[in-house]
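The next block holds one structure in the form of C-alpha cells; read it before the comments.
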Amino acid sequence: MIEQQSIENKNTNNSDILTTSLYNLRQSAGRLELDDHIIARIAEPKEKIEITIDPILSNGETAHVKAFVVRHNDVLGPAKGGIRMTNSVTMDDIVGLSMEMTWKTSLIGVPFGGGKSGIRCDPASLSPEAREIIIRSFTRGIRRHIGPEIYIPAPDMGTNEEDMGHVRDCIAYSNGTSITKGCFVTGKPVILGGIVGRREATGKGVIFTTLAACEKIGIDITKARIAVQGFGNVGMIAAAWAAKSGASVIAVSDITGGIINEQGLDIDALREHVKETSGVRGFQDATETTNNAVLDAPCDILIPAATQSQITKTNADKIKAKIIAEGANSPITPDADELLNRRGIFIIPDILCNAGGVFVSFLEYTQETQREQMTYEQVEQRLRDRMVEKFDEVYNYSLEKHITMRQAAMDIAVGKVVEGIYSRGLLP
Ligand code: NAP
C-alpha cells in the first residue's frame with residue numbers, strides 16, 4: 001500500500017519521538033481510511049530549517065550551536081510549539097514534536113497548526129549571560145520564520161519564561177519598536193504581555209484531565225497515591241496540583257534520581273528544597289531511590305513529566321498505576337503502549353493531557369492581539385472547562401468506536417486537520 005510506504009519510508013530516523021509520531025499517524029490513517037495524497041501531506045513537515053549560530057559569549061569563548069525550526073502543518077492556523085534546549089535534541093526529534101503539536105492544537109480546538117524549535121546545547125552548562133546570548137542569537141537567526149501568522153514559539157524542555165522575554169525583546173528591538181504588532185511568542189513574563197497562569201497551565205491541565213479520568217474509572221482522588229517523573233515546569237506544577245486536590249504524591253524524580261515516601265511528600269517543602277539545591281535528592285522525610293523505581297512505584301496514578309520514551313517494553317510490565325497521565329510528550333513507546341493497554345491501564349494521551357499549555361498560549365495570543373488583560377481566575381476557569389470538555393469528547397469517542405484514548409484523540413485530531421485541508425482546497 002502506497003500510504004503505508006509513504007510513512008514507512010520516513011521511519012528511518014534516529015528519533016524515538018518521530019518513530020512514535022509516525023506510528024500513531026500510520027494507525028490513525030488506517031482507521032480513518034485516508035487517501036494517499038492526504039497522508040503524504042501530513043506525514044512530512046511543510047518546512048524544516050536548520051541554522052548554525054556562533055555567538056561570542058561573555059567569557060570571550062565562541063559557542064557553536066545547531067538549532068532547528070520545523071513547521072509541520074499550518075492548515076488550521078500559524079504553527080505553534082515550544083523551543084526545546086537540550087544537548088541531544090535532533091532535527092528528527094523536532095519534526096516528531098512539531099507533528100504532535102499539529103494534532104494537539106487540532107484536538108484542543110485552538111486555531112493553530114504545529115511547529116517546534118530545538119537548540120542543541122546543555123542549558124545546565126550555561127551562565128545566565130551565555131544563555132541570554134544564545135537565545136538572542138537563535139531568535140535573530142530564525143527571525144524571518146517567527147510571526148503571529150507564521151510560527152509562534154513558547155517554552156519547552158530546557159527553556160523558560162525569561163527566555164521568552166528575551167525572544168520578545170530581540171524582535172521588538174530589531175523592529176525599533178517597544179512592542180510587537182501581535183503575538184510573536186507566548187509564555188513570556190506577564191510584565192511583557194504574558195498571561196497570568198501560563199507557567200502553571202500545562203501541569204494544571206494534566207491534573208484536570210487526571211481528575212476527569214478518576215471520575216470515569218472510580219478512583220477517589222483524596223485516597224489516590226501519585227508518582228511523578230520529572231520535577232520541572234510540568235512535573236512540579238502537576239505534583240503541587242495533585243496534592244492540592246487531596247492526593248498523596250508519594251514519589252518524585254528528576255535527573256538527579258528519585259525520592260519516595262509512602263505517607264506522602266510535602267510538595268511545597270520539596271519545591272523549596274529544589275530551589276535551594278537544584279534537585280530532589282537529599283530531601284528530608286523521604287527515602288532516596290532510582291528514577292526507574294519512581295516509574296514502578298506502588299501508586300494509583302503515574303505522571304511521566306520528564307522526557308520521551310521512558311516507559312518501554314522493558315519496564316511496562318512493572319508499572320503498577322491504574323492511570324498514566326502523559327505530562328511529557330511521547331513518554332511511552334508504541335510497544336509499551338500496547339502492553340499497558342492489554343493490562344487495562346487507562347492512559348491519558350499526551351496530545352490531550354499536556355495540551356493545557358498551548359490552550360493558555362492561545363489565550364495569551366488573543367489577549368496580546370486585542371491588548372486585553374485576563375484575570376487568573378478567568379484563565380483557570382477557561383482552562384478547566386476546555387480540558388474537561390476535550391477529555392469527555394475523547395472518552396466518549398473511544399467508547400463509541402471501541403478504541404483506546406490515544407487512538408480516539410489521534411483520530412479526532414487528524415480528522416479535523418484533514419477536514420481543514422479539504423475545506424481550504426487542494427491547490428496552493
Ligand atoms: P523542564 O522544566 O526542563 O523539566 C524537565 C524535568 O525532567 C526536570 O526536572 C529534569 O530534571 C527532569 N528530567 C529530564 N530527564 C529526565 C530523566 N531521564 N529522568 C528523570 N527526570 C528527568 O521541562 P518541562 O517544560 O517540564 O517539560 C517536560 C515534558 O513536558 C517534556 O516532554 C515537554 O515536551 C513536555 N511539555 C511541556 C510543556 C510546557 O508547557 N513546558 C507543554 C507540553 C508538554 P533536571 O531539572 O534535574 O534536569
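A short reminder: the numbers here are calculations on the coordinates, not readings from a lab. Everything quoted here is computed from the prediction, not taken from an experiment. In this analysis, Cβ positions are derived from the backbone assuming ideal geometry, glycine residues included, and neighbour counts consider all displayed protein chains.
Brief remarks follow.
- Karplus-derived 3J(HN,Hα), 6.51/-1.76/1.60, for each residue of region 300-308, Hz, glycine and proline x: 8, 10, 10, 10, x, 9, 10, 8, 6
- The string of couplings for region 406-414 from the Karplus curve (6.51, -1.76, 1.60, θ = phi - 60°) is 5, 5, 5, 4, 4, 5, 5, 5, 5 Hz, one whole number per residue in order, with x for Gly and Pro.
- Interchain or long-range residues, amide H under 5 Å from SER330's placed H: ASP350
- Put in line by how crowded their Cβ is, counting other Cβ atoms within 10 Å and starting with the fewest, ILE221, ILE56, ILE42, ILE267 read ILE56, ILE221, ILE267, ILE42.
- The chain: most fluctuating residue of VAL190, VAL252, VAL69 per GNM, C-alpha cutoff 10 Å: VAL190
- Relative contact order (%) - criterion: Cα under 8 Å, at least six apart; region: the chain: 15
- Two-site FRET efficiency, ILE191 against ARG424, from Cβ-Cβ distance with R₀ of 30 Å, rounded to 0.05: 0.20
- Full extension of the segment from SER58 to ASN175, taken as 0.36 nm per residue of separation minus the current Cα-Cα distance, would add 39.6 nm.
- If the segment from ASN13 to LYS275 were pulled out straight at 0.36 nm per residue, it would be longer than the present Cα-Cα gap by 90.6 nm.
- Remark: spin-label model distance LEU399-GLU50 equals 4.8 nm, labels positioned 7 Å along the Cα→Cβ axis.
- Ordering ASP268, ASP411, ASP93 by the number of other Cβ atoms within 10 Å of each residue's own Cβ, fewest first, gives ASP268, ASP411, ASP93.
- For LYS116, distant residues with modelled amide H under 5 Å away: VAL70, HIS72
- Length released on extending from ASP285 to GLU389, taking residue separation times 0.36 nm less the Cα-Cα span: 33.6 nm
- Rounded to whole numbers, the Karplus 3J(HN,Hα) couplings from phi for region 335-350 are 5, 5, 4, 5, 4, 5, 4, 4, 7, x, 6, 7, 10, 8, x, 3 Hz, using 6.51 cos²θ - 1.76 cosθ + 1.60 with θ = phi - 60°, and x at Gly and Pro.
- Rg of the Cα atoms in region 2-181, relative to 2.2 N^0.38 Å, amounts to 1.09.
- Ordering ILE311, ILE142, ILE259 by the number of other Cβ atoms within 10 Å of each residue's own Cβ, fewest first, gives ILE142, ILE311, ILE259.
- For GLY258, nonlocal amide neighbours, meaning residues 5 or more places apart or on other chains whose placed amide H falls under 5 Å from its own, are THR289, THR290, ASN291.
- Relative contact order %, region 2-181, counting alpha carbon pairs below 8 Å whose residues are six or more apart: 21
- Comparing ASN354, ASN59, ASN24 in a Gaussian network model of the chain, where Cα atoms under 10 Å apart are tied by springs, the biggest mean-square fluctuation is seen for ASN59.
- Loop sites in region 45-115: GluC sites (Glu not before Pro), DSSP, at most 11 other Cβ within 10 Å: GLU61
- Cα-based radius of gyration of the chain once divided by 2.2 N^0.38 Å, which approximates compact folds: 0.94
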